[in-house]
Amino acid sequence: MTNATTIIRCPNCGHKNRVPLAAAGHPRCGNCHNALPWIVDALDDTFAEVAEKADPPVIVDMWATWCGPCRMVSPVLERLAVERAGDVKLVKVDVDRAPRLSSRFGVQAVPTLMILHHGAVIARQAGAAPVDVLRRWFDDAMEKDARDEDRAARDSEQGHRS
């Protein structure tokens with residue numbers, strides 16, 4: 001799995017780039033060196049490496065080929081990944097091809113969207129939404145996660161002083 005790649009076209013210069021599904025950091029265009037949107041697929045056997053071990057926050061799209069709302073939200077999520085290139089990874093999981101993940105995350109409706117940060121689910125939403133709503137959902141989740149991390153660091157620091 002570590003050698004698996006996908007092709008991503010740079011939204012800045014149009015250059016096609018071979019991007020690993022899983023890697024440290026985030027991908028950059030080989031031509032113009034701008035951050036690339038990182039959009040990949042994952043299944044039961046690749047999810048841990050592709051999503052849970054990712055450095056940037058991950059938006060997970062649990063979708064199905066037969067789902068109309070899934071087809072509507074997919075380009076919205078891809079737009080968000082392009083806007084936030086270098087700051088987010090979009091991982092798409094076809095629930096019919098990844099039944100263990102569907103069960104593990106208790107997916108009962110598609111699309112189900114989740115945000116993972118450091119491998120943990122920090123936000124979850126069922127259903128499609130416009131890009132401005134999803135942008136706000138992502139930003140709010142990241143702000144709350146940052147506050148929680150700051151609070152945990154302060155609590156840990158105070159515990160060491162006692």
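Can you grab the distance from the C-alpha centre of the range 1-55 to the C-alpha centre of the range 57-128, Å, no decimals? Cα centroid of the range 1-55 versus Cα centroid of the range 57-128: 16 Å apart. The alpha carbons of the range 1-67 give a radius of gyration and a Dmax of 12.7, 38 Å, in that order.
Once every DSSP H run of n ≥ 4 in the chain is given -39500 (n - 2.57) and the sum is divided by its residues, what mean residue ellipticity at 222 nm do you get, rounded to the nearest 500 deg cm²/dmol? Mind showing how you got there, number by number?
Details: 3 runs with 53 residues, N = 162.
Here the helix-only value at 222 nm equals -11000 deg cm²/dmol.
List the relative contact order of the chain as a percent without decimals, with contacts defined as Cα pairs under 8 Å and 6+ residues apart.
Numbers: 275 pairs, mean separation 33.6, N = 162.
Result for the chain is 21 percent.
Scaled to the compact-protein estimate 2.2 N^0.38 Å, what is the alpha-carbon radius of gyration of the range 59-115, rounded to two decimal places? Walk me through the numbers before you get to the answer.
On the way: Rg = 11.3 Å, N = 57, 2.2 N^0.38 = 10.2 Å.
Cα Rg divided by the expected 2.2 N^0.38 Å: 1.10.
Label positions at ALA23 and TRP66, each projected 7 Å from the Cα along the C-beta direction, are separated by 3.7 nm. Nonpolar atom fraction for the range 36-158, defined as the carbon and sulfur part of the 1.4 Å probe accessible area, stands at 51 percent. Hydrodynamic estimate: the Kirkwood radius of the range 103-150 over Cα pairs, inserted into Stokes-Einstein at 4 °C and 1.567 mPa s, corresponds to D of 112 µm²/s. With the convex hull drawn around the C-alpha atoms of the range 2-157, the volume per residue stands at 123 Å³. Rg of the Cα atoms in the range 76-142, relative to 2.2 N^0.38 Å, amounts to 1.11. Counting 0.36 nm for each residue step from ARG104 to ILE7 and taking away their Cα separation leaves a gain of 32.0 nm. Between LEU43 and GLU78, the modelled label-to-label distance comes to 2.1 nm, taking each label 7 Å out from Cα in the direction of the beta carbon.
The values are calculated or read from the model by the stated rules, or taken from the named source; none is laboratory data. All figures in this text were calculated on a predicted structure; none of them were measured in a lab. Positions of Cβ are generated from backbone atoms using ideal geometry, with glycine treated the same way; all protein chains shown enter the neighbour counts. Heavy atoms of the whole protein, side chains included, go into the accessibility calculation; ligands, DNA and RNA do not. Shrake-Rupley method; radii C 1.70, N 1.55, O 1.52, S 1.80 Å.
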